Amino acid sequence: MKKIVSNILITFLTLCFISLGSVADENTRNSEINAYVGNFDFSDVKQRAILFGFQHRNSQLSRETFLGKLSPITGGFITENKALYVYTGAQADFEFGSFTITPSFAPGYYNQGDGKDLGYPLEFKSEVQISLDLNDSTRLGMSYNHISNASLGSKNPGANSYIFNFLKQF
């Protein structure tokens, strides 16, 4: 397991350094990819697992509102225990100089695989992310999320995760 995590971190850092040199016209960037790795359900010692995921945002669909810049998101992750979560929702960006705070909400489909039983296939992910601009098209961030079924199922244990994010605009 340590070797897998080490390889992921090396790949993650390599992508960061490669992207520092890339330059593209800001007006031609329509998509943002968020590749992430983290600890699924870190607060449950028996169920915690490493997770890997991707998220996509299309900037052409973003809208400036009183809530900030709202954007639709679509993504998913898988854990080392083969639990799967696929989601679509919305996020808002609040920029403070080089930092961006991004809360999001996304309902989605959860399949426990060999992992934690969250009680229902429909789950809701609430997340907050803080990221730092590395250049005009690359950010590094950290986020915290909570997944819950809002008591739709027979049980609602929820899951808390922390995640390291690499965001790249194309």
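Each residue in the stretch 85-103 was checked for being crowded, with 20+ Cβ neighbours inside 10 Å and within 15 Å of I33 (Cα to Cα), and 3 pass.
Condition check ((1) surrounded by 20 or more Cβ atoms within 10 Å (Cβ to Cβ); (2) in contact (Cβ under 8 Å) with a residue 40 or more places away in the chain; (3) of a type in the set (D, E, K, R)) across all residues:
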| residue | (1), (2), (3) |
| --- | --- |
| Q112 | no, no, no |
| E123 | yes, no, yes |
| D133 | no, no, yes |
| M142 | no, no, no |
| I147 | yes, yes, no |
| L152 | no, no, no |
| I163 | yes, yes, no |
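Residues checked against (1) at pLDDT 95 or above; (2) in contact with a helix residue (DSSP H, G or I) (Cβ under 7 Å, 6 or more places away or on another chain); (3) among the polar types (S, T, N, Q):
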| site | (1), (2), (3) |
| --- | --- |
| A24 | no, no, no |
| D41 | yes, no, no |
| T65 | no, no, yes |
| I73 | yes, no, no |
| K82 | yes, no, no |
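Evaluation of N39 against the conditions (1) free of Cβ contacts under 8 Å to residues at least 40 places away in the same chain; (2) surrounded by fewer than 20 Cβ atoms within 10 Å (Cβ to Cβ) shows that the sole unmet condition is (1). Among the residues of the stretch 143-156, the ones that are in contact with a strand residue (DSSP E or B) (Cβ under 6 Å, 6 or more places away or on another chain) and either charged (D, E, K, R) or within 14 Å of Y36 (Cβ to Cβ) (or both) come to 3 in all.
Can you tell me which residue in the stretch 53-72 is surrounded by the fewest Cβ atoms within 10 Å (Cβ to Cβ), limited to those that are among the polar types (S, T, N, Q) and assigned to a strand (DSSP E or B)? If we take residues in the stretch 53-72 being among the polar types (S, T, N, Q) and assigned to a strand (DSSP E or B), then T65 is surrounded by the fewest Cβ atoms within 10 Å (Cβ to Cβ).
Considering only the stretch 119-170, how many residues are part of a strand (DSSP E or B) and either of a type outside the set (A, V, I, L, M, F, W, C) or touching a His at 6+ places or on another chain (Cβ under 9 Å) (or both)? Can you show your working first?
As a first pass, look at the stretch 119-170 and keep what is part of a strand (DSSP E or B): 122-135, 138-148, 159-169.
Checking the rest, the ones that are also either of a type outside the set (A, V, I, L, M, F, W, C) or touching a His at 6+ places or on another chain (Cβ under 9 Å) (or both) come to 123-127, 129, 131, 133, 135, 138-139, 141, 143-146, 148, 159-162, 165, 168-169.
So the count comes out to 24.
The values are calculated or read from the model by the stated rules, or taken from the named source; none is laboratory data. Please read all numbers here as calculations on a predicted model, not as lab measurements. Please note: Cβ atoms are built from the backbone with ideal geometry, for glycine as well, and neighbour counts cover all protein chains shown.
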